[in-house]
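Asker: I'd like to ask some things about the structure below.
The values are calculated or read from the model by the stated rules, or taken from the named source; none is laboratory data. All values derive from a computational prediction rather than experimental measurement. Don't worry about glycine lacking a Cβ; one is built from the backbone with ideal geometry, like all the others, and counts go over all protein chains shown.
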């Protein structure tokens, strides 16, 4: 019968070798979480925060921030439009040049504000083609009329005259922001005689 | 005593004492992998007591505008690969026609928003811009194909109370923390993808060969962590922070003043696939019967 | 891709290799069951394949973990299944079930072939002699006491091996059947369906192996053995078809909200592989063949529909076995791949074509499938299950059967006729 004894011994050796290898590599930790995991929640919790809070931008961008904080766009974080700002902040704080170009700015507005079926009716949205018609086909980008940091409805914006030669497109009698009553019947050409001094109203 | 019996007893004694000897050698071996974060002195997590918090996540589908800022912020925050098949969170659009046909789509997970001309927008739905050619007027649709109802549904890992993914992981790499968040130990994950099969919500994916990965590990399972590194520091998850219309809300139910407490007390709540018994902890307002 | 898939479902996760794995373990379970039919239930007709089936089981068993490991995202971490298994996971069971079963089969092979090993340890030279001496664990004499102990232990192992085989393949079925997220997989019948189709495939593998090996060796085929195997295959095939049919029928009848998605899966993606190959070619055709061949007729010595010659009967059985194996592979494909083609949104169907090359491609699968045959060739060189030498064995090599006018042994036991339960003449 000794062949069975030898075989049995071989089996015992193999099994014990396995348990030994197992004990070398397994660390029992918190029961609830399971074996080998005591440190893993800590590792996940220790990961670096990448997205920055909009409040951090206040450090430098103060006047801008004040208008934004009172505007309809306050639920939109700075990073929603400007993308990751982490590198920009680090460099700027160190005094280095830190440009943060805004890519695809005109598409950004439409990402939220284009008229897409499914958006709640109460949410401000435009059909881009119709919106252009409304303005006489003139504006080329949203920011020409809408201040992204304080969009307003209707937008309060400073007029840069460049690209806005068609005054009556917006201010005509049946248009979106008509002329005040005492300005009735004035034509395009007379506008600029008064309204031209500097960038302003 | 019989010679063979003597031999047998000797053999047995050798086995027992040999085994004990081998067993004590264990004690000479240092314990497993050292903690890296505690070596760094992560004081924020040291002060965090998981059992003090009962996190809740509420999605208000009636507010969602499908802009995809949440998906984008998540990928930026968590170093998720930009591949369209890697989504920790995504937005779905449901369009229901007059004949009750339900059309669902989620171009690239909604990360670029949804197209404005109402088309299905497969493979990246970039919105038309004012400077580009104005979109053609939508083709006249037959009356019965006309979409009569549509809405957006943001989705993410539901951090189930009874997670099937934790149940099936063969090596225990995915687990539930003491504060109820389901995490993946990516150093242990063997990439068998059983958890991906088991998740009823499609919330998990396998990290591909990409330059940027959440923890530097490839070919392991990954999923939404409710931005565990943010919530343990008192911040909001990236998607909640990024949502411009407040469709996502996150908070601590133990805090009687929290928004989530108020919402759960005042609204009727739904969850996804309640019949499966996973008890999701992401609660929905405004789900439709068409949403699966 | 049709309809809507969740964004993370763009790729099919479990590939051709995961189709191959249950196919291989199924062959193991089936081959072992045949060997146990001889060693435990003393079905003498199966004697020619008793040793062969053990070696076949062993060859496939050794290869079984390879497609799994090749499929892992992190194959180098595969051993974690042994180190830190999560006991709620069916997949974690794999490590221990497979290891335990391998040890059982190795032990049984060793005990069954120990007389041969001892014989070869005496009659060979050089490296081979060393190998045989190591394999004998240094015990070079076959004592009567040892032989009796061996026979008892063989019976114990063969008996224990039957539930072990059930677990070996049942757990795979449970692995799929317990996934509530997937409507095509989720059913309590899955472990039993997998097990029954495994046994069927194992028996068919043995038929084919026995026939091919006999032809290659130029030795006569024991037709009664082949017919006995055919009968067992028929029985298990009927049970398997009943269960699979029941599962589909109840899904259709109950018509849960997931049924339209499943229906779409079958009609749009699985028509060829499910209806064509698994059902018709792989189940109904061999069923028809076996029903004609293997059911005894009212007149002893003649089939109920037609009386075949031995050789023809064996050829038809081999054909049926081949079809069954193809059908069982198709079944694994339909379950593993088919289940993943249905989106969990229940609104979409995707598609899958395995790549030709790469770690999980068709070529890799072919290599994994051919590997057990190579191992089998080597093992049968070392311890051939035929022309067995050695003391204590007591049986001469199988003689060519007596010419018999009828294809079936004549008995008076209706229903058990030719099943091998009856004693052979002269025993």
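Asker: Take the stretch B:209-222 and flag every residue that is out of contact with any helix residue (DSSP H, G or I) (no Cβ under 8 Å at 6 or more places or on another chain) and at the interface with chain C (Cβ under 9 Å from one of its Cβ atoms).
Answerer: Result: B:217, B:218, B:219, B:220.
Asker: Of the numbered conditions (1) within 12 Å of chain B (Cβ to nearest Cβ); (2) within 17 Å of the chain's Cα centre (by Cα); (3) free of Cβ contacts under 8 Å to residues at least 40 places away in the same chain, residue C:180 satisfies every one except a single condition; which is it?
Answerer: Going through the list (1) within 12 Å of chain B (Cβ to nearest Cβ); (2) within 17 Å of the chain's Cα centre (by Cα); (3) free of Cβ contacts under 8 Å to residues at least 40 places away in the same chain, residue C:180 breaks only (2).
Asker: From the set of residues in the stretch C:113-140 that are more than 19 Å from residue A:9 (Cβ to Cβ) and not in a helix (DSSP H, G or I), which is farthest from the other protein chains (Cβ to nearest Cβ)?
Answerer: Applying the filter and picking the extreme gives C:125.
Asker: Against the conditions (1) within 30 Å of residue C:75 (Cβ to Cβ); (2) over 16 Å from the mean Cα position of the chain (by Cα); (3) crowded, with 16+ Cβ neighbours inside 10 Å, where does residue B:276 fall short? Just the number, please.
Answerer: (1)
Asker: Which of the residues spanning the stretch C:71-89 are more than 7 Å from every other protein chain (Cβ to nearest Cβ) and buried (at least 19 other Cβ atoms within 10 Å of the Cβ)?
Answerer: Correct list: C:71 only.
Asker: Could we say that residue B:240 is touching a strand residue (DSSP E or B) at 6+ places or on another chain (Cβ under 7 Å), under 19 Å from residue C:81 (Cβ atoms) and away from chain C (no Cβ under 11 Å) here?
Answerer: no
Asker: Any residue at all in the stretch B:158-181 that is within 10 Å of chain C (Cβ to nearest Cβ), surrounded by 24 or more Cβ atoms within 10 Å (Cβ to Cβ), in a helix (DSSP H, G or I) and over 15 Å from the mean Cα position of the chain (by Cα)?
Answerer: Yes, some residue in the stretch B:158-181 is within 10 Å of chain C (Cβ to nearest Cβ), surrounded by 24 or more Cβ atoms within 10 Å (Cβ to Cβ), in a helix (DSSP H, G or I) and over 15 Å from the mean Cα position of the chain (by Cα).
Asker: Within the stretch B:224-237, which residues are in contact with a strand residue (DSSP E or B) (Cβ under 8 Å, 6 or more places away or on another chain) and either on the phi < 0 side of the Ramachandran plot or surrounded by fewer than 23 Cβ atoms within 10 Å (Cβ to Cβ) (or both)? Outline the logic, then answer.
Answerer: Kept after step one, since they are in contact with a strand residue (DSSP E or B) (Cβ under 8 Å, 6 or more places away or on another chain), are these residues of the stretch B:224-237: B:224-226, B:228, B:231, B:236-237.
Hits for the stretch B:224-237 are B:224, B:225, B:228, B:231, B:236, B:237.
Asker: Among the residues of the stretch C:213-222, is there at least one that is in a loop (DSSP other than H, G, I, E, B) and either free of Cβ contacts under 8 Å to residues at least 60 places away in the same chain or within 14 Å of another protein chain (Cβ to nearest Cβ) (or both)?
Answerer: Start the filter on the stretch C:213-222 by keeping residues that are in a loop (DSSP other than H, G, I, E, B), which leaves C:218-222.
This time we only want the ones that are either free of Cβ contacts under 8 Å to residues at least 60 places away in the same chain or within 14 Å of another protein chain (Cβ to nearest Cβ) (or both), so: C:218.
Checked the stretch C:213-222: at least one residue is in a loop (DSSP other than H, G, I, E, B) and either free of Cβ contacts under 8 Å to residues at least 60 places away in the same chain or within 14 Å of another protein chain (Cβ to nearest Cβ) (or both).
Asker: I'd like the full set of residues that are farther than 27 Å from residue B:166 by Cα, assigned to a loop (DSSP other than H, G, I, E, B) and in contact with a helix residue (DSSP H, G or I) (Cβ under 7 Å, 6 or more places away or on another chain), limited to the stretch B:234-280.
Answerer: Of all residues in the stretch B:234-280, those farther than 27 Å from residue B:166 by Cα come to B:241-247, B:255-259, B:261-263, B:265-268.
Subsequent filtering for residues that are assigned to a loop (DSSP other than H, G, I, E, B) retains B:243-247, B:255-258, B:267-268.
Once the filter is applied, which keeps residues that are farther than 27 Å from residue B:166 by Cα, assigned to a loop (DSSP other than H, G, I, E, B) and in contact with a helix residue (DSSP H, G or I) (Cβ under 7 Å, 6 or more places away or on another chain), the stretch B:234-280 yields B:243, B:244, B:255.
Let's see how each residue does on (1) within 17 Å of residue B:229 (Cα to Cα); (2) at pLDDT below 75:
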residue	(1), (2)
B:21	no, yes
B:38	yes, yes
B:43	yes, yes
B:54	yes, no
B:58	no, no
B:66	no, no
B:69	no, no
B:93	no, no
B:98	no, no
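Asker: OK, next. Name the one entry in C:305, C:246 that is touching a residue at least 12 places away in the same chain (Cβ under 8 Å), out of contact with any strand residue (DSSP E or B) (no Cβ under 7 Å at 6 or more places or on another chain) and assigned to a helix (DSSP H, G or I). Give the steps one after another, and end with the answer.
Answerer: On the way: C:305 fails: assigned to a helix (DSSP H, G or I).
Among C:305, C:246, only C:246 is touching a residue at least 12 places away in the same chain (Cβ under 8 Å), out of contact with any strand residue (DSSP E or B) (no Cβ under 7 Å at 6 or more places or on another chain) and assigned to a helix (DSSP H, G or I).
Asker: Step by step: first the residues of the stretch C:90-103, then only those that are touching a residue at least 60 places away in the same chain (Cβ under 8 Å) and facing chain B (nearest Cβ under 9 Å), then the one that is surrounded by the most Cβ atoms within 10 Å (Cβ to Cβ). Which residue is that? Before you say what the answer is, go through the steps one by one.
Answerer: Taking the stretch C:90-103 first, the residues touching a residue at least 60 places away in the same chain (Cβ under 8 Å) are C:90-91, C:93-94, C:97-98, C:100-101.
Still in the running and facing chain B (nearest Cβ under 9 Å): C:90-91, C:93-94.
Values: C:90: 22, C:91: 20, C:93: 21, C:94: 24.
Ranking the qualifying residues of the stretch C:90-103, first place goes to C:94.
Asker: Which one of the conditions (1) more than 9 Å from chain C (Cβ to nearest Cβ); (2) surrounded by 22 or more Cβ atoms within 10 Å (Cβ to Cβ); (3) not in a helix (DSSP H, G or I) does residue B:192 fail to meet, given that it meets all the rest?
Answerer: So the condition that residue B:192 fails would be (1).
Asker: Taking residue C:85 as the residue in question, decide whether it is under 25 Å from residue C:63 (Cα atoms) and not in a helix (DSSP H, G or I). Full working, then the answer.
Answerer: On the way: under 25 Å from residue C:63 (Cα atoms): yes; not in a helix (DSSP H, G or I): yes.
In short, yes.
Asker: Go through the stretch C:304-325 and give me each residue that's touching a helix residue (DSSP H, G or I) at 6+ places or on another chain (Cβ under 6 Å) and surrounded by 14 or more Cβ atoms within 10 Å (Cβ to Cβ). First the steps, then the outcome.
Answerer: Within the stretch C:304-325, the subset touching a helix residue (DSSP H, G or I) at 6+ places or on another chain (Cβ under 6 Å) is C:305, C:310, C:313-314, C:316-318, C:320-321, C:323-325.
Selection gives C:310, C:313, C:314, C:316, C:317, C:318, C:320, C:321, C:323, C:324, C:325.
Asker: List the number of the failed condition for residue B:123; all other conditions in (1) crowded, with 16+ Cβ neighbours inside 10 Å; (2) modelled with pLDDT under 60 hold.
Answerer: So the condition that residue B:123 fails would be (1).
Asker: Could we say that residue C:267 is without any contact (Cβ under 8 Å) to a residue 12 or more places away in the chain, over 20 Å from residue C:229 (Cβ atoms) and part of a helix (DSSP H, G or I) here? Spell out how you get there, then give the answer.
Answerer: Details: without any contact (Cβ under 8 Å) to a residue 12 or more places away in the chain: yes; over 20 Å from residue C:229 (Cβ atoms): yes; part of a helix (DSSP H, G or I): yes.
Yes; evaluated as a whole, the condition is true for this residue.
Asker: Right, here's the next one. For the stretch B:38-108, please list each of the strands (runs of 3 or more DSSP E) lying entirely inside it that holds at least 2 residues being farther than 24 Å from residue B:250 by Cβ and within 13 Å of chain C (Cβ to nearest Cβ).
Answerer: Working: elements: B:55-60, B:89-97, B:102-105.
Passing ranges, in order: B:89-97, B:102-105.
Asker: When you look at residue C:60, is it more than 8 Å from chain B (Cβ to nearest Cβ), out of contact with any helix residue (DSSP H, G or I) (no Cβ under 6 Å at 6 or more places or on another chain) and assigned to a helix (DSSP H, G or I), yes or no?
Answerer: Working: more than 8 Å from chain B (Cβ to nearest Cβ): yes; out of contact with any helix residue (DSSP H, G or I) (no Cβ under 6 Å at 6 or more places or on another chain): no; assigned to a helix (DSSP H, G or I): yes.
No: the conditions fail for residue C:60.
Results for (1) surrounded by 14 or more Cβ atoms within 10 Å (Cβ to Cβ); (2) more than 30 Å from residue B:150 (Cα to Cα); (3) under 28 Å from the mean Cα position of the chain (by Cα); (4) at pLDDT below 75, shown as yes or no for each residue.
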{"residue": "A:117", "(1), (2), (3), (4)": "yes, no, yes, no"}
{"residue": "A:136", "(1), (2), (3), (4)": "yes, yes, no, yes"}
{"residue": "A:165", "(1), (2), (3), (4)": "no, yes, no, yes"}
{"residue": "A:191", "(1), (2), (3), (4)": "yes, yes, no, no"}
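Asker: Here is a check on your reading of the model: is residue C:49 surrounded by 21 or more Cβ atoms within 10 Å (Cβ to Cβ) and under 22 Å from residue C:230 (Cα atoms)?
Answerer: yes
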